[in-house]
Ligand code: BGC
Ligand code: ZN
């Protein structure tokens, strides 16, 4: 079968590789799930991997199959899998366990190992291929009605983890009633962060570079969030007008904004950092002022990477809520589909040059739309009812 791979360490090496089709028996304990890939999203991490700034091949290979934002349909399950069945739509998590206690309790996103395993990123093949197999523990079922937007689940989990951790951390306050939130950056992650914060009932201000109106500012308006262009209003000014911010989610990919965010954070507030910044940029900051306000204001800043199963499940719930409250909104993020693995050149080109893209993704195979949700549900119910007991 075909797969999209790079030779880690060699810039611009994206190519079509040939892999043997996996089988459920590759996974021990009868827990294998064979998934036929339907869609895979790509993002800045894939760009960096192709630029050889990031990523490593699995042991025994000189190439790495990329793609960590997967979505597919179950083709077969091992004998010990009871929670999934052929035909189910699914998304697989990205990180796989290392050696620490965090890895052992299902929270490999919190590993303290220096080496980590991420499908499509580091030391494990990804999902830009025709089929993959994995342990059912890492595979999350997608309700039928969310199949057209589920390729957004992995990026959404980054947001879910950050926000869940923020609420967890704020239990330190005994009572925390966040009212105003800011999101730094109006890219895919920024938009998804604004969505989740709006679903939690917060007043949301999103800071972005471009002048409104444009696609992303319009999308934010549909959520009842406020878009502020830093070309006309500084973050400091925005904090005076629309703050104080009880929570800030940083997702610009530009590290100096972290220090502006620290200064825009309100008393008792929490600042979540999610940008992966591979460079070595430096900047000068008013350190006394920032430190003083953090101390006197009991503020918290926390980094957040990846996501474990719990956040994928929460992401599914929020997608369903989003469809109920802002019907059709998520679908609008799927701006740039590219059909077929063999069109990887176009996929890469779109990822690097479509400046107005929100989500670029590869349509590896079409979603089977023969049934509406209800019909498929009814058919399944009938097949369960008639199954031998
Ligand atoms: C992925 C995360 C991953 C991070 C660092 C991001 O692009 O979405 O799952 O943990 O890169 O590798
Ligand atoms: Zn990613």
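What follows is calculated from the coordinates using simple rules that are stated; it is not laboratory data. Because the structure is a prediction, the values reported are computed rather than measured. Backbone-built Cβ (ideal geometry, glycine too); neighbour counts: all protein chains shown.
So the values come out like this:
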| item | result |
| --- | --- |
| GNM result for the chain, Cα springs below 10 Å: residue of 334, 144, 351 fluctuating most strongly | 144 |
| For segment 156-303: rounded, prolate or oblate by the Cα gyration tensor [a/c cutoff 1.5] | rounded |
| Cα shape, segment 35-154, gyration tensor, a/c 1.5 rule | oblate |
| Per-peptide average of other Cβ atoms within 10 Å, ordering 63-74, 262-273, 352-363 highest first | 63-74, 262-273, 352-363 |
| Bridge type composition, the chain - antiparallel percent by DSSP, nearest 5 | 50 percent |
| Translational diffusion coefficient (Stokes-Einstein; Kirkwood radius from C-alpha pairs) of the chain at 37 °C, 0.692 mPa s, in µm²/s | 150 µm²/s |
| Segment 239-309: translational diffusion in µm²/s, Stokes-Einstein, Kirkwood Rh over Cα pairs, 10 °C, 1.306 mPa s | 123 µm²/s |
| Inter-part distance where segment 261-332 and segment 3-56 are each reduced to a Cα centre, Å | 28 Å |
| Antiparallel bridge percentage (DSSP; both residues within segment 156-303; nearest 5) | 0 percent |
| Between 0 and 90°, nearest 10: helix 344-353 axis offset from the chain longest Cα axis | 10 degrees |
| Gaussian network model of the chain, Cα within-10 Å springs - most flexible of 107, 157, 233 | 233 |
| Segment 256-350: C-alpha gyration tensor shape, a/c 1.5 cut-off, then a/b vs b/c | oblate |
| Residue order, fewest to most surrounding Cβ atoms within 10 angstrom, among 319, 301 | 301, 319 |
| Relative contact order (%) - the chain, alpha-carbon pairs under 8 angstrom, separation at least six | 17 percent |
| Tilt relative to the chain, helix 153-169 - C-alpha long axis, 0 to 90 degrees, to 10 | 50 degrees |
